[in-house]
Amino acid sequence: MRITTRAVSVALLAPLALAACSSSDPGDGGEGGTTDAGACEPSDGAVELEFTSWIPGIEGVVDVWNEENPDIQVSVQTGPNGNGGTYQNFFNQLEAGNAPDLGQIEYDALPNFRVQDGLENIGVCEDVAAAQDQFVDWTWAQASLGEEGALYGVPQDTGPMAMFYRSDLFEENGIEVPTTWDEFATAAEQVRETGGYITNFSQADINQFAGFVWQANGSWFANDGEAWTVDLDSPESMEVAAYWDDLIERDLVSTYPGWTTEWDNAYNSGEVWSWNSAVWGANSIATGAPDTAGSWSVAPSPQWGEGEQSAGNWGGSTIAVLKGSEHLYEASQFALWLNTSEEALTMLNEEANLYPATTAGLELPVLSEGVEFYGDQAIYDVFAEASTQVSADFVWGPTMTQVYNDVSDGFAGAISGSGTLPEALTAAESSTVAALEAQAIPVAE
Amino acid sequence: MSTTVLDVQARNRARIKVPHKKAIAIFVAPFATLFTLFYLIPIGYAVWQSMLVIEREGTYGEPREVFGGLSQYAQVMDSGPFWESVGRVLLFGVVQVPVMLGLALLFALLLDSPLVKGRRFFRLAFFAPYAVPGVIAAIMWGFLYSPNLSPFKPLTQEVGFLSADLVLWSMANVVTWVYVGYNMLIIYSSLLAIPTEIYEAARLDGASQARIAWAIKIPLVMPAIILTAIFSIIGTLQLLAEPQVFRTFTSAVSSTFTPNLLVYTTSSVPNVSLAAAYSVVLALATFILSFTFLKVTQRKAFQ
């Protein structure tokens, strides 16, 4: 009989322990809730700031700051990229009231943190407000979330998109580098005949897909201050989905999950020939596919119509001050230095291929040099052009983690043979509206 | 006379009990404190959390948590992905648990039979996989299954172990690999506790080794088998590490593949109230299932 009671108590204990772990409620403000202009004042004496980031080599950049600023010492902690775990950590830390002062947050996640009341408005700091002119227009628009006089993160880098491709393989096989998406589909057939794939469609990289929609001048969300409009199934979005659905259906693109060993291997072994990615992707290829050094080139993204000049954006981050930080002034000083000073921007580019969000940063000497991995091509020229072609009107929704999960699950289903990409978007449209309503966020009919 | 003695004894017992109460309290206190802190309070918090809903004004209004009764539970009941994931792990359990326990029992009986040589070696060999952490085991098998990275490429490129059709059973294989030895050891130690006279009597009656195993050993270790079955049922409903790791190898594992993965996904939205409600429902389902299994099997096993 002893077994009975023991087994039953184990039965009870095990799942509830998990229930307990997962229950932390989103920040409800608390004492440190509201920020007023007076809060952006220098503190007396030395200040220590905590900073969480996933940028490779960020420690070295922070060391430079620490040497120059003995009174504002920053200790940096690195973690997985945002949706890979750091955002979840931030949300948990915000709930527990021990979030770091500064955090790396991508543009697409800012509304999510804002809606959970997790960000300090650093627009109240004079130096920050005065720096607006230094930044590329659309980055400021994304980081202020459309609020006049507000700023929820200092723009750090942008991710204008272009096409990385194996110039050696295209040349050897006599296949022309596509300039429109129609040509891309034709080239995909030719590449498939040689046994390779022209590119990989990663079902989990929904922000890459959003970049494609951005390039097609589509938008997924709108916020008029009263309510959100959710438009995942807009005509542009559906057209892009149908295009990729066709390529997947005909087995013209591979479908490895992104950022995995399988995916690295596909590029490293030359099975996959190109990647429509952001400027920071230059780093991902170099580390993921080291055997292919020197064989890559960069060309502008294929266009939807002949002669058009439009680019999407994938990723790019801001450095935000998280709710509860007691050192708004010092934190914003560091964030400004990190993202506007030439020495920091140069180091960030050399270490992590970050592409500055400031207009002056785009003209850094280091950005006009040829890159060895890309056969000494001056690849940043291509991205500089792309960055001027990014539309400023794309708006991110307040529950992007959920949107990415739901779209990704739908896309994964389509890849495994149940449903299509457009159907996945239609389903995500209704689940997103439901998710917004669950958080009491008003949605326009 | 006898009644007086009993009375005295009863009175003595009652008197002795009083001083013992303090000692009992002291001995129980450490357990009770930890039990309350890390078990009762978290459960209470999770249940409370599951009943909160968020209110706000405007698109970026400050969120306020207010009591919302059972509205999250209504959402759980309506949630397609949740019940799909529950159905998936039940299917998994119905197939995997009997296979695993069958193997565990078979190995235990083999180890216990006098026919087998090298008993210590096999005992260790069968148990070794359990010493491999679950996540590491999943990563290792992920590589073995992979169509491009596996050392058995000719096989894995032909058979889609990581395809939508097979991935659940590929996971079942990993779980079986890890836990067979563990369950075997529980059953084996219960076999060792059977008095040898019983075997002697059986042999005198002319029973073969197979007959002894079937008619004596299995009935006598039934309680241990039931215990391992309950552990396995709970483990199945809580499947998390294997699907989580396999997500990095294949597109076929969605973010709502198992109930626990769905809880994790929901909490990262972050929609913790709904995640708490899922957890509470999952805990209740696990409890009901384990308890029903126990009630059904108990009648036969413990008679």
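Bear in mind that the values in this text are calculations on the coordinates, not laboratory data. Because the structure is a prediction, the values reported are computed rather than measured. In this analysis, Cβ positions are derived from the backbone assuming ideal geometry, glycine residues included, and neighbour counts consider all displayed protein chains.
How big is the convex hull of the Cα atoms of chain A, per residue, in Å³?
181
Starting from the Cα of B:W177, move 7 Å in the Cα-to-Cβ direction to define the label point; list residues of region B:226-264 whose amide nitrogen is under 17 Å from there.
B:240-250
If you bin every alpha carbon distance in region A:214-313 into 10 Å steps from zero, what whole percent lands in each bin?
12, 33, 35, 16, 4, 0
Tell me, what HN-Hα J-couplings in whole Hz come from the Karplus equation 6.51 cos²θ - 1.76 cosθ + 1.60 at θ = phi - 60° for each residue of region B:28-44, using x for Gly and Pro?
So the Karplus estimates, Gly and Pro as x, are 7, 3, x, 5, 4, 4, 5, 4, 5, 5, 10, 10, 5, 5, x, 5, x Hz.
Relative contact order of region B:73-301, please, whole-number percent, based on alpha carbon pairs below 8 angstrom and at least 6 residues apart. Walk me through the intermediate numbers first.
On the way: 217 pairs, mean separation 68.0, N = 229.
Worked out over region B:73-301, it gives 30 percent.
Based on the mean of other Cβ atoms within 10 Å per residue, sort peptides A:261-267, B:43-49 so the most packed one is first.
On the way: A:261-267: 20.1, B:43-49: 18.3.
Output ranking for A:261-267, B:43-49: A:261-267, B:43-49.
Provide the FRET efficiency to the nearest 0.05 for the B:E55-A:E68 pair, computing r from the beta carbons and using R0 = 45 Å.
Computed FRET efficiency for B:E55 and A:E68: 0.45.
Per the Cauchy relation, a quarter of the hull surface: what is the mean projected area of the convex hull of the alpha carbons in chain B, in nm²?
27.1
Choose one answer from B:V94, B:V178, B:V280: the residue with the largest mean-square fluctuation in a GNM of chain B with alpha-carbon springs under 10 Å.
B:V94
Quick one: what are the phi-derived ³J(HN,Hα) couplings along region B:87-103, Karplus 6.51/-1.76/1.60 with θ = phi - 60°, whole Hz, x for glycine and proline?
x, 5, 6, 5, 4, 4, x, 4, 8, 6, 4, x, 4, 5, 6, x, 5
Arranged from highest to lowest average of other beta-carbon atoms within 10 Å per residue, in what order do the peptides B:266-276, B:121-131 appear?
Details: B:266-276: 25.5, B:121-131: 14.4.
By packing density, highest mean first, the sequence is B:266-276, B:121-131.
Tell me, in nm to one decimal, what length is gained between A:V366 and A:A392 on full extension, where the rule is 0.36 nm per residue of separation less the Cα-Cα distance?
6.7 nm
How many angstrom lie between the Cα centre of region A:306-368 and the Cα centre of region A:400-434?
Computed from Cα coordinates, the inter-centre distance equals 32 Å.
For B:Y39 paired with A:Q77, estimate the spin-label separation in nm (one decimal), with each label point 7 Å from Cα along the Cα-to-Cβ line.
So the label points at B:Y39 and A:Q77 sit 3.1 nm apart.
Quick one: which residues, 5+ away or cross-chain, put their amide H under 5 Å from the amide H of A:G159? H built at 1.01 Å from N.
Under 5 Å from the amide H of A:G159 lie the amide H atoms of A:W314, each far enough along the sequence or on another chain.
Can you give me the long-range amide H partners of A:T255? Hydrogens built in the peptide plane at 1.01 Å from N, cutoff under 5 Å, separation of 5 or more residues or another chain.
Those lying under 5 Å, H to H, from A:T255 are A:F201.
In nm, what is the difference between 0.36 nm times the number of residues separating B:S163 and B:R211 and their Cα-Cα distance?
13.0 nm
Which whole number gives the average, over all residues in B:231-243, of C-beta atoms from other chains lying within 10 Å of the residue C-beta?
What the average comes to for B:231-243 is 2.
Report the calculated FRET efficiency for B:F291 and B:A29 (r = Cβ-Cβ distance, R0 = 35 Å), to the nearest 0.05. Walk me through the numbers on the way to the answer.
Working: r = 29 Å, r/R0 = 0.84.
Computed FRET efficiency for B:F291 and B:A29: 0.75.
List the extent of the Cα atoms of the protein assembly as shown along each of their three principal axes, largest first, rounded to whole Å.
So the three principal-axis extents are 106, 66, 54 Å.
Evaluate E = 1/(1 + (r/R0)^6) for A:T180 and A:D381, where r is the Cβ-Cβ distance and R0 equals 30 Å; express this FRET efficiency to the nearest 0.05.
0.90
Can you give the three extents of the C-alpha atoms in region A:301-348 along their principal axes, from longest to shortest, in whole Å?
53, 27, 12
Please report how far the C-alpha centroid of region B:258-303 lies from that of region B:37-107, rounded to the nearest whole angstrom.
Cα centroid to Cα centroid, the span is 7 Å.
Output the direction-averaged projected area (hull surface divided by four) of the convex hull of the alpha-carbon atoms of region B:237-303, in nm².
It is 5.7 nm².
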